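Below you'll find the structure, written out as C-alpha cells, and then a few comments.
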Amino acid sequence: MEHVLVTGGAGYIGSHACKALKKDGFTPVTYDSLVTGWKDSVKFGPFEQGDLLDRARLDEVFATYKPVAVMHFAALSQVGESMKEPGLYWRNNVMGSLSLIEAAAASGVKNFVFSSTCATYGEQDNVVLDESSVQKPINSYGASKRAVEDILANFGEAYGLQHVIFRYFNVAGADPEGEIGEHHRPETHLIPIMLEAIDGTRPALTIFGTDYETPDGTCIRDYVHVCDLVDAHVLGLKWLMDGKGSRVFNLGTGDGFSVREVIEQSRAVTNKAVPYEEGPRRAGDCTKLVSGSTRAEVELGWTPDRSNMNQMIEDAWNWHRTGHYDG
Ligand code: UFG
C-alpha cells in the first residue's frame, strides 16, 4: 500500500486525516514530536516520533517509507500565543516547514499537501474571501503560514514539488465514530472551551470582545467539520497524484456564525446553559472570516455535508463526554 507521511498525525486534524487516508486505501505514517499531539490518537498506521527541525530523522523516515506524498499538518496554531511569542511561530512553523520541504524535495517526493489558514487573509473589506483575495495577515500565526506558502511556490518551480494548499476556516467537530477528537492542552478554541464550561470542567467562557462591527458585536467565523476538511485532503492528494498541478483551495462553507450564535446553538444542542461572561478583545483576532468554497466544490468535487453547526457541536459534545487520551 502507498504510504503518505502525515506530519502532526497525532494532532486533532492530522489524526482525522490518517483515518480518512486509511479508509481510502493509503497507509498514513504519522511523524509527530508529541509536543502538542497525543500518541493515543495514532491508530491508523505507523508512528515515528520526531521534530520537524531534525533533518537527519526526517531523512531516515523518508528513506524507510518512501512516501508518495506528504500531508503537512504539524504546526503551532494559536492566534493569541502567536502575538505574544512570534519567535515560536517563525521557528516551528516556518523553519520547521522549510526543513520538511527540503527533506521531501531531496527524497524525490513530488506531492505535498499543506494546511494553511484563512488567517493569511487578515482583515478584509470584501467579506467573502476567495483564493485570489489579497493576503495580509494581522497575526504572527497567519504570517508564518503565508511564508510557508511562498516557500512551496519556490520549491515547486525549482524541484517540481507539486503542492495543494488548503486555507482552512475554523475547524470543529469530531469523528462521529468516536475514535478520535479534539484535545488541546491548553485548549483555546471556542467550541471545546464552551463544552468544558457547560459541563463545569472549567469556569465560564469569556467572550473576547463585544464591540466588533458585526450585528451582535462579536467576531464571525466560518466553521467546517473536521471530517469534511480531511475528505478534501484526500481529494487534494488524488488531484496531485493525477498530475493536475499546484493549486490553492479555501475550505469553509460560506456561512458565518458569531460567537454569540455559537453559544446559542450549543445551548440548543446540549440542552444546557452556557456559562459565559463578556471580556475585552483578544489581540490578533479578525472581525470576520468567511469563505466561499466554490473552487474546492467545483474542481475537487468536495461536498462538506457534515458542516452544519448543530452537527459539529453534537459530534464535539459526544467526543467531549466519551473520548479522551491519556498520552
Ligand atoms: N473566542 C472567545 N472566547 C474563547 C475562545 C475564542 O470569544 O475563549 C472567540 C475568538 O475571539 C474568535 C472565535 O471565538 O472570535 C473563534 O476563536 P478560536 O480560538 O476558536 O479560533 P480562531 O478563529 O482564533 O483561530 C482558529 C484556529 C486557527 C485558524 C483560524 C481560522 O485556531 O488555527 O481558526 O479562522 F487559523
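For this structure, a couple of remarks:
- Taking amide H as placed 1.01 Å from N in the peptide plane, the amide H of Tyr168 sits under 5 Å from that of Ser116, Thr117, Cys118, Leu251, each at least 5 places away or on another chain.
- Packing, as the average of other Cβ atoms within 10 Å across residues, places the peptides 301-308, 201-208 in the order 301-308, 201-208, highest first.
- Full extension of the chain segment joining Ala63 with Glu2 gains 20.6 nm, where the gain is 0.36 nm per residue of separation less the Cα-Cα distance.
- Distance in nm between pseudo-label sites at Lys39 and Glu261 (7 Å out along the Cβ direction from Cα): 4.3
- Three-way shape call for the chain based on the alpha-carbon gyration tensor, with the a/c threshold at 1.5: prolate
- Rounded to the nearest 10 degrees, the angle from helix 55-65 to the longest Cα principal axis of the chain is 70 degrees.
- Crossing angle, helix 12-23 versus the chain [Cα axis fit, 0-90 degrees, rounded to tens]: 50
- Comparing Cα centroids, region 212-251 and region 78-144 end up 14 angstrom apart.
- Helix axis angle, 140-159 relative to the chain longest principal axis, alpha carbon, degrees: 20
- Helical content alone sets the calculated 222 nm signal of the chain at -11000 deg cm²/dmol, taking -39,500 (n - 2.57) per DSSP H segment of four or more residues and averaging over every residue.
- Summed residue charge, Cβ within 11 Å of Ala268's Cβ, Lys/Arg positive, Asp/Glu negative: -1
- Two-site FRET efficiency, Ala204 against Lys136, from Cβ-Cβ distance with R₀ of 35 Å, rounded to 0.05: 0.55
- Across region 267-283, computed HN-Hα scalar couplings (Karplus, 6.51 cos²θ - 1.76 cosθ + 1.60, θ = phi - 60°) run 4, 5, 6, 8, 6, 9, 5, 9, x, 8, 9, 9, x, x, 4, 9, 4 Hz from first to last residue, x flagging Gly and Pro.
- Partners of Lys288 within straight-line reach, counting lysines whose Cα lies under 30 Å from its Cα and excluding those fewer than 8 residues away in the same chain: Lys84, Lys136, Lys145, Lys272.
Just so you know, all these numbers are worked out from the coordinates, no wet-lab data involved. All figures in this text were calculated on a predicted structure; none of them were measured in a lab. Counting neighbours? That spans all protein chains shown, and the Cβs are built from the backbone with ideal geometry, glycine included.
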